[in-house]
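Report on the following structure.
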Amino acid sequence: MIKETPRNIEELKKKANNKNSWRERLSAVNVLKEYDCKQSKDILARLAINDPVFKVKETAFRAAQALGVTSHGNPIYLGKGKKGNLVKGINKKLEKVRNSLPDDYSFEDFKSEFQKKYPSAYDVYEGNKKDFDGWLKKSEANLPHRK
């Protein structure tokens, strides 16, 4: 445990705030957990309480717990991972993606268009779903038919 602020704290803050890449947030958590300073603790606490991707949330929680981080004097808790729709209005978003594509689109076209149009929603589902492609194929198949 290093009792100082990391030299690259600004870069780590940017990574921790990147809503479009759970991998970058996880990478930032793995560096920040080595530093025992106020800024690291604040970032870890925020991610442990609010991150939408459970892998990031859990890693930040474990790191915050090891550093003795509290929220307003109370211990922080790791809730259960969300089930069901992780992003509000996801079916409408997927429908908009599908409707923006030509009739003969492929699954890869659908997937890349979803990532382009809704990067943060894509990130949340890709980070939380073990079989992301399977979930996306099933969700696409269950969308209402085009009008």
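Here is a list of conditions, (1) in a helix (DSSP H, G or I); (2) touching a Phe, Trp or Tyr at 6+ places or on another chain (Cβ under 8 Å), and THR5 meets all of them except one; can you say which number that is?
Going through (1) in a helix (DSSP H, G or I); (2) touching a Phe, Trp or Tyr at 6+ places or on another chain (Cβ under 8 Å) one by one, THR5 breaks only (1).
With LEU94, LEU78, LEU26 as the choices, which residue is modelled with pLDDT under 95, of a type in the set (A, V, I, L, M, F, W, C) and either in contact with a Cys (Cβ under 6 Å, 6 or more places away or on another chain) or within 30 Å of LYS138 (Cβ to Cβ) (or both)? Let's see the steps before the verdict.
Working: LEU94 fails: modelled with pLDDT under 95; LEU26 fails: modelled with pLDDT under 95.
It is LEU78.
Looking only at segment 1-22, which residues are touching a residue at least 60 places away in the same chain (Cβ under 8 Å) and charged (D, E, K, R)?
LYS19
Hey, ASN30 hits all of (1) among the polar types (S, T, N, Q); (2) without any contact (Cβ under 8 Å) to a residue 24 or more places away in the chain; (3) more than 30 Å from PRO144 (Cα to Cα) but one; which does it fall short on?
For ASN30, the failing item is (2).
Please identify the pairs in which a residue from segment 115-137 that is within 18 Å of LYS96 (Cα to Cα) has its Cβ atom under 8 Å from the Cβ atom of a residue that is of a type in the set (Gly, Ala, Ser), counting only partners at least 6 apart or on another chain.
That search, which allows pairs on different chains as well, returns LYS117/SER100; ASP123/SER21.
The values are calculated or read from the model by the stated rules, or taken from the named source; none is laboratory data. Because the structure is a prediction, the values reported are computed rather than measured. Here the Cβ is made from the backbone with ideal geometry for all residues, glycine too, and neighbour counts use every protein chain on show.
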